[in-house]
Amino acid sequence: MAKSRRKLERTEASPGALLLAALLGAAAAGWAAFQWWQLVVGRRGGEIFCSPVGGGHCAEVWDSPFAAAVHAWTGLPVAGWGVAWGLVAFALPLVARARLSRRRAAEIWIAATLCTGVAGALGVAALIGVSLRFGALCATCGLTYLLMLGYAALCFYGVSKALRADLAHGAALAAGALVVAFAVLLVPGLGTPQNPMGAGARAVSEVARLP
């Protein structure tokens, strides 16, 4: 019992912080799902929402060579990967909070939450870098970036440094959860119209024609 109590004390993650992290993950998944839907609307010739003040470059970014390659090679558009990340970011801290409330060890789940936050921050940096290189920024993507960075900041603020020993197992758990989310979303991802002029789509077509 004493050993279990020490483990629980070692987490130093408040239930409130974990709940807030789960809410941020859910918000990120919901907003990414909205962007995904807007992508489908745009690909079918409809009018998309990009900025409340008009303008923006959402369609240009969604049709960029990088975005086309991601969709073509993975089966999910970039927004779909945002949904996958958000689902993982929602589930992990929620399970950790439930385990803590039952006085059960939750180190690995909290470490996985931290790893998810790190992955989100790195993903945001990469996407912003690609957008700047492409020369256009997606207005609605900004909210996604803020939610992901807020999640990462909350993880760093609310997770004990003592959990560093659990990060390897946490990373494996987070990766496994992402694979599950990817599998769930793959069917709608494959059903999402691709940009036929995208570099990624052309590359896949060329590979398919190889003998």
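Miscellaneous remarks
- The solvent-accessible area of residue 62, taken with every protein chain present and a 1.4 Å probe, is close to 40 Å².
- A probe of 1.4 angstrom, applied to the heavy atoms of all protein chains, finds residue 146 with accessible area near 120 square angstrom.
- Under the Debye formula (equal points on every Cα, no solvent term), log10 I(q)/I(0) of the stretch 39-101 at q = 0.19, 0.22, 0.25 Å⁻¹: -0.81, -0.94, -1.07
- When peptides 119-131, 67-79 are ranked by their average number of other Cβ atoms within 10 Å per residue, the highest-first order is 67-79, 119-131.
- Rounded to the nearest Hz, the phi-derived 3J(HN,Hα) couplings of the stretch 103-116 under the Karplus curve 6.51 cos²θ - 1.76 cosθ + 1.60 (θ = phi - 60°) are 6, 10, 4, 9, 4, 5, 5, 6, 4, 5, 4, 4, 4, 5, where x marks glycine and proline.
The values are calculated or read from the model by the stated rules, or taken from the named source; none is laboratory data. The shown structure was predicted, so the numbers you read here are calculated from the model rather than taken from an experiment. Note: ideal-geometry Cβ built from the backbone for every residue, glycine included; neighbour counts use all protein chains shown. Heads up: the accessible areas ignore ligands, DNA and RNA and are worked out on the full protein's heavy atoms, side chains in. Shrake-Rupley method; radii C 1.70, N 1.55, O 1.52, S 1.80 Å.
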